[in-house]
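Below is one structure, written out as structure tokens; the observations come after it.
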Amino acid sequence: MPLSDVNITLENGNLGRVTTTSDGVAGLILTGKAIPGKTELNKVYQLSSSRDLVTRGITAENNPLAYKDVTAFYEKAGDGAELYLLVVAEATTLTQACSSEASSPLRKLIDYARGRIRLVGINRISPAEYVPDTEASGIDNDVITAASAAQDLANNYAKQVSPFRVLLPAVAWTGSTEELFKPREGSYNRVAIVMAADTLTSAAIGQILGRAASIPVNQSIARVKSGVIAATGYLMNGKTPEENAGMLEALNDAGYIIYRTFTAKNGYYLNDDCMAAPLSDDYSNLNLGRVIDKAIILAYTAYIDEIQENVLVESGGKLPQYLCTSFEGNINSAIATNMKGETSDFKSFIDPDQNILQSSRMNVSCKIVPNGILREINVNIGFANPAIKQ
């Protein structure tokens, strides 16, 4: 018989907490120059506020794009937001930045952050000697080939449970909608193309990235209640939205992210959060893609500890119903805890009629009902005469 004592058992797992996902962690790949002793080209730096620009020696004079986009990011996302910065040589094209090669900037950025990054903005100011190819598409063909490369790379990382979405600039837009490339006719649902510009020559990548990083995954970056995104702005032909008024509908329908205005409201808002994919694509909007990306991470986290686990089986090698219910509870709890309000409904199902003994595989079906987005509201208003029966 053991000595008399008071035995304390520490319980764990009763709070229902699940590891949170890094929804708003962002990365920026920008063309610029090295700052001796402070910022190297092709090296990733983790930032937490615009004050880190001082540490890195980056100013509006020596690195105008990096200074502009990092500052704009933190104006929207706020100090403390996790941002990874990679400055590349000014001659680096968007396609080179998104290449699948092992040493490519996009791959280097994602690998450095160990898959934490969910949003990536890529921007460039072309050097004077660069000649864009706009003949066939109305924007630099480099944007289109970069979108394809970024999609391929993002798809590969999604398979490794490191999903991310990319913002690219509509570089060298000719200012015409004739023969213009239409992102909505593309097949790049992990890539958005930004026509909004916060300077005369550069897309508002940092600004829009900061907006996305600051809001829940289910919300659109164009949500009016989130407030004005810019007091002044342009499109990528260097003219204001007002000066481009006759083309805004066409640009919106084509699938570009642009600035727009509302009557009786000051400043500029975004038109939508469209990706370079058709409306028939389930992930043709950024908010829908971000919702599914978060669910991917949560599903992985909910089940990874069960790999190589022993399970009891019934006759025929099938899972008992109570175990099916328990495994369903893993993902149900993760979604309920971490995505409250970000989905309209969620259901999981594990069919007990699976021969686990034979296949050593358990199939889980998950269905998400996303939030709806009020993109248009129709109001009927008229007079009524109470003396006349309507």
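I need the full set of residues from the range 29-51 which are under 22 Å from Cys98 (Cβ atoms) and part of a loop (DSSP other than H, G, I, E, B), in order please. Residues satisfying the conditions are Lys33, Ala34, Glu40, Leu41, Asn42, Lys43.
Scanning the range 225-271 for residues that are in contact with a helix residue (DSSP H, G or I) (Cβ under 7 Å, 6 or more places away or on another chain), assigned to a loop (DSSP other than H, G, I, E, B) and not hydrophobic (A, V, I, L, M, F, W, C) yields Pro241, Gly255, Tyr256, Asn271. On the stretch given as the range 333-390, residues that are over 30 Å from Asn218 (Cα atoms) and either of a type in the set (Val, Ile, Thr) or part of a loop (DSSP other than H, G, I, E, B) (or both) total 16. Considering Val161, Val191, Val131, the condition of being of a type in the set (A, V, I, L, M, F, W, C) and buried (at least 24 other Cβ atoms within 10 Å of the Cβ) is satisfied by Val191 alone.
Residue check: is Ala149 among the small types (Gly, Ala, Ser) and within 18 Å of the chain's Cα centre (by Cα)? When the stated conditions are applied, Ala149 passes them.
Helices (runs of 4 or more DSSP H) wholly in the range 52-143 with at least 1 residues that are touching a strand residue (DSSP E or B) at 6+ places or on another chain (Cβ under 6 Å) - which ones?
On the way: elements: 52-55, 64-77, 94-97, 105-112.
Those helices (runs of 4 or more DSSP H) span 64-77, 94-97, 105-112.
For the range 80-124, the set of residues classified as at pLDDT below 95 and within 18 Å of Ala203 (Cα to Cα) is empty. Is it fair to say Tyr322 is surrounded by 15 or more Cβ atoms within 10 Å (Cβ to Cβ), over 30 Å from Tyr256 (Cβ atoms) and of a type in the set (Ser, Thr, Tyr)? Here the answer is no, as Tyr322 does not meet what is asked.
Would it be correct to say that Pro127 is without any contact (Cβ under 8 Å) to a residue 40 or more places away in the chain and either under 13 Å from Ala26 (Cα atoms) or in the same structural domain as Ile229 (by TED's automatic domain parsing) (or both)?
Values: without any contact (Cβ under 8 Å) to a residue 40 or more places away in the chain: yes; either under 13 Å from Ala26 (Cα atoms) or in the same structural domain as Ile229 (by TED's automatic domain parsing) (or both): yes.
Yes; evaluated as a whole, the condition is true for this residue.
Assessment of the range 325-342 against the conditions (among the acidic types (Asp, Glu), in contact with a Pro (Cβ under 7 Å, 6 or more places away or on another chain) and either under 18 Å from Ile297 (Cβ atoms) or outside the structural domain of Tyr283 (by TED's automatic domain parsing) (or both)) yields at least one matching residue. With respect to the conditions (1) more than 13 Å from the chain's Cα centre (by Cα); (2) among the hydrophobic types (A, V, I, L, M, F, W, C); (3) within 27 Å of Thr240 (Cα to Cα); (4) not in a loop (DSSP other than H, G, I, E, B), Trp173 lacks only one, and its number is (4).
The values are calculated or read from the model by the stated rules, or taken from the named source; none is laboratory data. A quick note: this is a predicted structure, and the numbers were derived from the prediction, not measured. Glycine gets a Cβ as well: all are built from the backbone with ideal geometry, and neighbour counts include every protein chain shown.
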